[in-house]
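The values are calculated or read from the model by the stated rules, or taken from the named source; none is laboratory data. Small disclaimer: the values here were computed from a predicted structure and weren't measured. Note: ideal-geometry Cβ built from the backbone for every residue, glycine included; neighbour counts use all protein chains shown. When the accessible area is computed, the model is the full protein with side chains, heavy atoms only, and any ligands, DNA or RNA have been set aside. Shrake-Rupley method; radii C 1.70, N 1.55, O 1.52, S 1.80 Å.
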Amino acid sequence: MSMSVKDRLATNKTKLSKKPHITVETDICDTTCTHKCTTRVCPAKCFEIVNDKMAFQYEDCIECGTCLHACDQGAVSWKFPESGHGITFRLG
Amino acid sequence: MEDEKFDCIIVGGGVAGCAAAKVLADNNMKILLVEKGEWTGSKNVSGGVLYGPTPWEIFPELKNTLENPPFERFINRRRLSFMSDDSSFSIDYKSQKYDNVPYNGVSVLRSKFDRWLGEQVEESIAKSDFAEDSFVATEVMVEELIIKDGKVCGIRAGEDEFESDCVILAEGVNSLLTRSIGLQKEIVDAKYVATGIKEVWQYDQDLLEAKFQLDGLEGVSNEFVGCTKGIEGGGFLYTNKDSISLGLVLGIKDLRDSNETVYDLLDSFKDHTSIKPLLKGGKMVEYSAHVVPVGDIDMIPKQLYTDGAVVVGDAAGLVLNTGKSIEGMNLAMESGRQAALAIIEAKKKRDFSKASLKSYQDRLSESYVMKDLRNFQGAFHFIHNPDMFKKYPDLVNSIMNDVFLVDGQEKKKTRDIIKKAVDESDLSYWDLMKTSIQGGLSL
Ligand SMILES: Cc1cc2nc3c(=O)[nH]c(=O)nc-3n(C[C@H](O)[C@H](O)[C@H](O)COP(=O)(O)OP(=O)(O)OC[C@H]3O[C@@H](n4cnc5c(N)ncnc54)[C@H](O)[C@@H]3O)c2cc1C
Ligand code: SF4
Ligand code: SF4
């Protein structure tokens, strides 16, 4: 039954903006953050640890707002994608 | 339209914003409804069952759509299931009393439903005196509120600025604008919000109706407790026309403090013996997620208005969690209506000051929105006892297992079954007594 997050995300339509709408101060992730919870709570797997360092990508983001509320270290600067961009759900 | 001033700008084409815009347009106000998505609803996610008469009152056209409704099914069967790892125990209620308009609840897919709401707003605009001067604008993301002399008097989106006597903030739970003017705290604590993660599975409609025992437009809603590995929250499964919506709602603070991963939790829910067979013959067609307020009244700003602006729906944290289900959409629509009515009065007085817009909060306090929220806070805290998400569902299933077990041994009496189950759980009789008394008082 298990499907990869990539395959799940492939069911959605996104118009990608060139500008990242979310930015992460990964220095904070790599130094002071002990729980790194965003790697577990982001439903789109936008936060991953690669070679012991936080790697964030906004491209797969589905604009849910979880990281905006989950990060308690002040590392996430959160905005919506610019007008006309980002996720479109057909069903929702 | 740049130099035209609107009576009211509504930010957000979700259920709250569309409800407010509809009431304003029906009352001949000059409005601008702004939505950042491709269409109203295109970025929105709910479980979701929309409960009660509010949508039918604000959008009476709904009752003329029953041949091909913008909602999915009316809910006349409700199930609540307590899950342990390998078992589940359900309470199941179906009644024909729920078969008539206005339905007690209807399942919705927001991208379809809110789109219809937006179209209705356009129809109301077309019938108003401002057919040429009121608008529903999509693919416009409001970046900033324009503030002059401490009063909100418009919006900025990219290069464009639009002025208005007042603004309704219907922007949902990720309420950047509401926070920017201090109506909500800049940082909303994780304990006040949950993340909802959801999949839609599509079936051949006949197969779906056979699987879920549905006739015509009727549908079933099923909530689940005990499927979240002890994390605050629960599961849901709702039938749509030819699909089901299923997913989990998970408290963000608990998630942060755990080692769990949201999609793994969703997978283990879908693998449960009472869910897995339901998915056979279906196809996963959409994956989505959205934050939702958990229903704690402490998240709601003390003041829902300021000079030139009011805040409605999820942006104001107006979600009711009774333990049976989440009610966010109906509260959002009702708050949208009350805000619109307050603004119609303000326009008559030509006074959009704080003192005048306070009438929105007064109206909301008198409506079922705040009454229910106040009355159910006890229930909310009762079900937020951490044991509710794991130990109690396990206990119920352990009792039921022994009740139904036939193992060639002498049968145990119910009293002994309960004693054994309680002894095996880490709950004490004191916990049980406390919980049943609290439950009795609060629910
Ligand atoms: C998984 C899940 C299950 C749920 N189940 C149920 C349920 O079964 N029943 C129920 O009643 N409730 C349910 N809810 C809660 C319900 O979804 C919300 O309470 C409801 O959507 C709130 O409506 P709203 O209009 O206030 O906000 P939203 O629906 O979030 O709408 C906000 C709108 O504003 C737009 N917007 C935001 N910012 C801007 C901007 N700057 N510029 C332009 N547009 C902007 C957004 O694109 C969006 O269209 C559920 C929620 C989730 C996540
Ligand atoms: S919780 Fe915040 S600081 Fe910690 S890893 Fe995630 S983004 Fe970085
Ligand atoms: S908003 Fe949601 S999907 Fe986007 S990065 Fe944050 S948690 Fe992930």
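Based on this model, can you work out whether A:Phe89 counts as more than 13 Å from ligand 2 (Cβ to nearest atom) and hydrophobic (A, V, I, L, M, F, W, C)?
Considered against the rule, which asks whether it is more than 13 Å from ligand 2 (Cβ to nearest atom) and hydrophobic (A, V, I, L, M, F, W, C), A:Phe89 comes out as yes.
Quick check, is B:Val312 without any contact (Cβ under 8 Å) to a residue 60 or more places away in the chain, in contact with a Gly (Cβ under 6 Å, 6 or more places away or on another chain), open to solvent by less than 20 Å² (accessible area, probe 1.4 Å) and in the same structural domain as B:Ser164 (by TED's automatic domain parsing)?
no
I need a count of the residues in segment B:373-408 that are surrounded by fewer than 16 Cβ atoms within 10 Å (Cβ to Cβ), closer than 18 Å to B:Asp298 by Cα and out of contact with any helix residue (DSSP H, G or I) (no Cβ under 6 Å at 6 or more places or on another chain).
So the count comes out to 3.
Evaluate the following for B:Arg179: is it closer than 20 Å to B:Val292 by Cα and either among the aliphatic types (A, V, I, L, M) or within 12 Å of chain A (Cβ to nearest Cβ) (or both)?
Criteria met by B:Arg179.
Need the failing condition index for A:Cys37 against (1) at the interface with another protein chain (Cβ under 9 Å from one of its Cβ atoms); (2) near ligand 3 (Cβ under 10 Å from one of its atoms); (3) open to solvent by less than 10 Å² (accessible area, probe 1.4 Å), just the number.
(2)
With the requirement that a residue be exposed (fewer than 12 other Cβ atoms within 10 Å of the Cβ) and outside any loop (DSSP other than H, G, I, E, B), what does segment B:420-440 give you?
Selection gives B:Asp423, B:Glu424, B:Tyr429, B:Trp430, B:Met433, B:Ser436, B:Ile437, B:Gly440.
Within the bounds of segment A:30-44, is there any residue that is away from ligand 2 (no atom under 16 Å from the Cβ) and closer than 23 Å to B:Ala194 by Cβ?
Looking for residues that are away from ligand 2 (no atom under 16 Å from the Cβ) and closer than 23 Å to B:Ala194 by Cβ, one finds none in segment A:30-44, hence no.
What are the pairs, 6+ residues apart or on separate chains, where a residue within segment A:15-38 that is at negative phi has its Cβ under 9 Å from a residue that is open to solvent by 70 Å² or more (accessible area, probe 1.4 Å) and within 8 Å of ligand 2 (Cβ to nearest atom)?
Final answer for the pair search is A:Cys33/A:Asp72; A:His35/A:Asp72; A:Cys37/A:Asp72.
Could you say which residue among B:Glu4, B:Glu38, B:Glu72 is more than 16 Å from ligand 2 (Cβ to nearest atom), open to solvent by 50 Å² or more (accessible area, probe 1.4 Å), touching a residue at least 12 places away in the same chain (Cβ under 8 Å) and within 14 Å of chain A (Cβ to nearest Cβ)?
B:Glu38
Filter the strands (runs of 3 or more DSSP E) completely within segment B:1-113 down to those with at least 2 residues that are polar (S, T, N, Q).
Result: B:73-83, B:88-94.
Kindly evaluate B:Val173 against the criterion of being more than 13 Å from B:Lys36 (Cα to Cα), in a loop (DSSP other than H, G, I, E, B) and open to solvent by less than 20 Å² (accessible area, probe 1.4 Å).
Yes, satisfied.
So which residues in segment B:119-149 are farther than 22 Å from A:Lys15 by Cα, touching a residue at least 40 places away in the same chain (Cβ under 8 Å) and open to solvent by less than 50 Å² (accessible area, probe 1.4 Å), if there are any at all?
Passing the criteria: B:Gln120, B:Val121, B:Ser124, B:Ile125, B:Ser128, B:Ser134, B:Leu145.
Name the one entry in B:Lys347, B:Lys390, B:Lys419 that is among the basic types (Lys, Arg) and free of Cβ contacts under 8 Å to residues at least 60 places away in the same chain.
B:Lys419
Any residue in segment B:355-362 that is assigned to a helix (DSSP H, G or I) and either among the β-branched types (Val, Ile, Thr) or not assigned by TED's automatic domain parsing to the domain that holds B:Tyr305 (or both)?
Checking segment B:355-362: not a single residue is assigned to a helix (DSSP H, G or I) and either among the β-branched types (Val, Ile, Thr) or not assigned by TED's automatic domain parsing to the domain that holds B:Tyr305 (or both).
Among residues belonging to segment B:189-221 that are in contact (Cβ under 8 Å) with a residue 60 or more places away in the chain and acidic (Asp, Glu), point out the one that is surrounded by the most Cβ atoms within 10 Å (Cβ to Cβ).
Selected residue: B:Glu199.
Which residues, taken from segment A:56-86, are within 15 Å of ligand 2 (Cβ to nearest atom) and touching a strand residue (DSSP E or B) at 6+ places or on another chain (Cβ under 6 Å)?
A:Phe56, A:Tyr58, A:Cys64, A:Gly65, A:Thr66, A:Cys67, A:Leu68, A:His69, A:Ala75, A:Val76, A:Ser77, A:Trp78
For A:Ser17, work out the one condition from (1) exposed (fewer than 14 other Cβ atoms within 10 Å of the Cβ); (2) within 14 Å of ligand 3 (Cβ to nearest atom) it doesn't fulfil.
Result: A:Ser17 passes all but (1).
In this structure, is B:Gly230 in contact with a Pro (Cβ under 8 Å, 6 or more places away or on another chain) and surrounded by fewer than 24 Cβ atoms within 10 Å (Cβ to Cβ)?
In short, yes.
Looking only at segment B:259-292, which residues are facing chain A (nearest Cβ under 7 Å), open to solvent by 30 Å² or more (accessible area, probe 1.4 Å) and touching a helix residue (DSSP H, G or I) at 6+ places or on another chain (Cβ under 9 Å)?
Residues satisfying the conditions are B:Glu260, B:Lys276, B:His290.
Can you tell me which residue among B:Leu24, B:Leu32 is under 26 Å from A:Phe89 (Cβ atoms) and assigned by TED's automatic domain parsing to the domain that holds B:Asp351?
B:Leu32
Residues B:Gly323, B:Gly317, B:Gly336, B:Gly251: which one is touching a residue at least 60 places away in the same chain (Cβ under 8 Å) and open to solvent by 10 Å² or more (accessible area, probe 1.4 Å)?
Exactly one of B:Gly323, B:Gly317, B:Gly336, B:Gly251 is touching a residue at least 60 places away in the same chain (Cβ under 8 Å) and open to solvent by 10 Å² or more (accessible area, probe 1.4 Å), namely B:Gly323.
Give, as residue ranges, the strands (runs of 3 or more DSSP E) completely inside segment A:48-92 that count at least 3 residues that are away from ligand 1 (no atom under 16 Å from the Cβ) and open to solvent by 30 Å² or more (accessible area, probe 1.4 Å).
In segment A:48-92, the matching strands (runs of 3 or more DSSP E) lie at A:53-56.
Return the residues of segment A:45-55 that are within 12 Å of chain B (Cβ to nearest Cβ) and near ligand 2 (Cβ under 8 Å from one of its atoms); say none if nothing qualifies.
A:Phe47
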